[in-house]
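Student: Handing you this structure, nothing more for now.
The values are calculated or read from the model by the stated rules, or taken from the named source; none is laboratory data. This one's a predicted model, so the numbers in the text were calculated from it and none came from an experiment. Neighbour counts run over all protein chains shown; Cβ positions are idealised from the backbone, glycine included. Heads up: the accessible areas ignore ligands, DNA and RNA and are worked out on the full protein's heavy atoms, side chains in. Shrake-Rupley method; radii C 1.70, N 1.55, O 1.52, S 1.80 Å.
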Amino acid sequence: MHAILLVGGRGTRLMPHTSNRPKALMPMGRHSLLEISLRRLRACGFTRATLCISHLGSMIRSAIGDGSQLGLRVDYCVDERPMGTAAPLLLVPDWTGPAVVMNGDLLTSLDFGNLHRRHVASGAGLTVAYQRYWISTGVGLLRTDGDRIRRVHEKPTFAWNVCCGIYVADPDVRSYIRAGEPTDMPALINALTDAGRPVNGHAFDESWHDVGTPARYEQARADFLADPDRYLRLVPSAPTAGRSRPELDVVFLDEPVTGGATIETWT
């Protein structure tokens, strides 16, 4: 099985940690974030990984090499200028079957092998891994009809499906990416759905960290150091409890609906 890791970002939100290193090489104890992801993929049955590099890419090449020390065959493609999270897929060599595509600044105990198998069985061109989050407004919301108040909802909590930056993609989805134009994964997802191409969702409850800021990095690092095997080996993961993180900088797969929105209360 093949995985494609997007590790070309500058990590500006992680400054000053990333002033002289790629964010994919942020240390998590003895291992870097990227090494943990590669070891996790190998434990899930993957044999090849393509690293899409750009900023400080030579440091990543030096650290990972050909992947033989990790039991993987690692190759590289180079994004000479920032082109988003989807456009680098056009540069991946010898991509002939469904591949896991993931951001390089993630820490997760997701079973990548199960995700890959479910994608293949679905017949979809793209599968998006997501988690369910509950986000509290912290304020009372009014449902109105003109100037007439119809109902008040005191500090309701909304449920959202949060895109986790992990996908499985068939190589032909690249036909929906315009060469030479910056393109992110949300734009690719929308292009596929607009064209009537099936895009599946894969809900999971395993641990997941978006290591995008210093605070989230420290949280992910502490979680990893508390139980490294949870991330390095394929062992059953305990479901994560309900979350409430209004500060998450994420892409929502569901758009909020005005007027007739369903409001889920959660305490």
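Student: Could you please find all residues in the range 163-176 being buried (at least 19 other Cβ atoms within 10 Å of the Cβ) and either more than 22 Å from residue 113 (Cβ to Cβ) or free of Cβ contacts under 8 Å to residues at least 40 places away in the same chain (or both)?
Tutor: Within the range 163-176, 176 is the sole residue that qualifies.
Student: Let me ask something else. Considering each residue of the range 85-99, count those that are buried (at least 20 other Cβ atoms within 10 Å of the Cβ) and either touching an Asp or Glu at 6+ places or on another chain (Cβ under 8 Å) or without any contact (Cβ under 8 Å) to a residue 24 or more places away in the chain (or both), and give that number.
Tutor: 5
Student: Further question on the same structure: Specify which of the listed residues (203, 195) is open to solvent by 50 Å² or more (accessible area, probe 1.4 Å) and either touching a strand residue (DSSP E or B) at 6+ places or on another chain (Cβ under 8 Å) or aromatic (Phe, Trp, Tyr) (or both).
Tutor: Going through 203, 195 in turn, just one is open to solvent by 50 Å² or more (accessible area, probe 1.4 Å) and either touching a strand residue (DSSP E or B) at 6+ places or on another chain (Cβ under 8 Å) or aromatic (Phe, Trp, Tyr) (or both): 203.
Student: Which one is nearest to the chain's Cα centre (by Cα) among residues in the range 109-135 that are polar (S, T, N, Q) and closer than 13 Å to residue 168 by Cβ?
Tutor: Ranking the candidates gives 127 first.
Student: Continuing with the same structure: Do the conditions hold for residue 149, that is, is it of a type outside the set (Gly, Ala, Ser) and under 27 Å from residue 107 (Cα atoms)?
Tutor: For residue 149, the condition - of a type outside the set (Gly, Ala, Ser) and under 27 Å from residue 107 (Cα atoms) - is not met.
Student: Looking at this structure, is residue 78 closer than 24 Å to residue 43 by Cβ and either modelled with pLDDT of 95 or more or surrounded by fewer than 22 Cβ atoms within 10 Å (Cβ to Cβ) (or both)?
Tutor: For residue 78, the condition - closer than 24 Å to residue 43 by Cβ and either modelled with pLDDT of 95 or more or surrounded by fewer than 22 Cβ atoms within 10 Å (Cβ to Cβ) (or both) - is not met.
Student: Within the range 66-99, track down each residue that is within 17 Å of the chain's Cα centre (by Cα) and either of a type in the set (Ser, Thr, Tyr) or assigned to a helix (DSSP H, G or I) (or both).
Tutor: Answer for the range 66-99, where residues must be within 17 Å of the chain's Cα centre (by Cα) and either of a type in the set (Ser, Thr, Tyr) or assigned to a helix (DSSP H, G or I) (or both): 85, 87, 88, 89.
Student: Something else: Does residue 212 satisfy being small (Gly, Ala, Ser), at negative phi and surrounded by fewer than 18 Cβ atoms within 10 Å (Cβ to Cβ)?
Tutor: Spelling it out, it is not the case that residue 212 is small (Gly, Ala, Ser), at negative phi and surrounded by fewer than 18 Cβ atoms within 10 Å (Cβ to Cβ).
Student: Could you say which residue among 181, 206 is out of contact with any Gly (no Cβ under 8 Å at 6 or more places or on another chain), at pLDDT below 95, under 23 Å from residue 92 (Cα atoms) and not in a strand (DSSP E or B)?
Tutor: Just one listed residue meets the conditions, 181.
Student: Can I ask one more? Would you point out the residue of the range 103-149, among those that are polar (S, T, N, Q), part of a strand (DSSP E or B) and touching a residue at least 12 places away in the same chain (Cβ under 8 Å), that is nearest to residue 227 (Cα to Cα)?
Tutor: The selected residue is 108.
Listed here are the residues, each with its yes/no results for (1) buried (at least 22 other Cβ atoms within 10 Å of the Cβ); (2) within 18 Å of the chain's Cα centre (by Cα).
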| site | (1), (2) |
| --- | --- |
| 1 | no, no |
| 5 | yes, yes |
| 39 | no, yes |
| 44 | no, yes |
| 58 | no, no |
| 64 | yes, no |
| 101 | yes, yes |
| 107 | yes, yes |
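Student: With (1) at pLDDT below 95; (2) within 29 Å of residue 60 (Cα to Cα) as the list, and residue 137 as the residue in question, which single condition is left unmet?
Tutor: Condition not satisfied by residue 137: (2).
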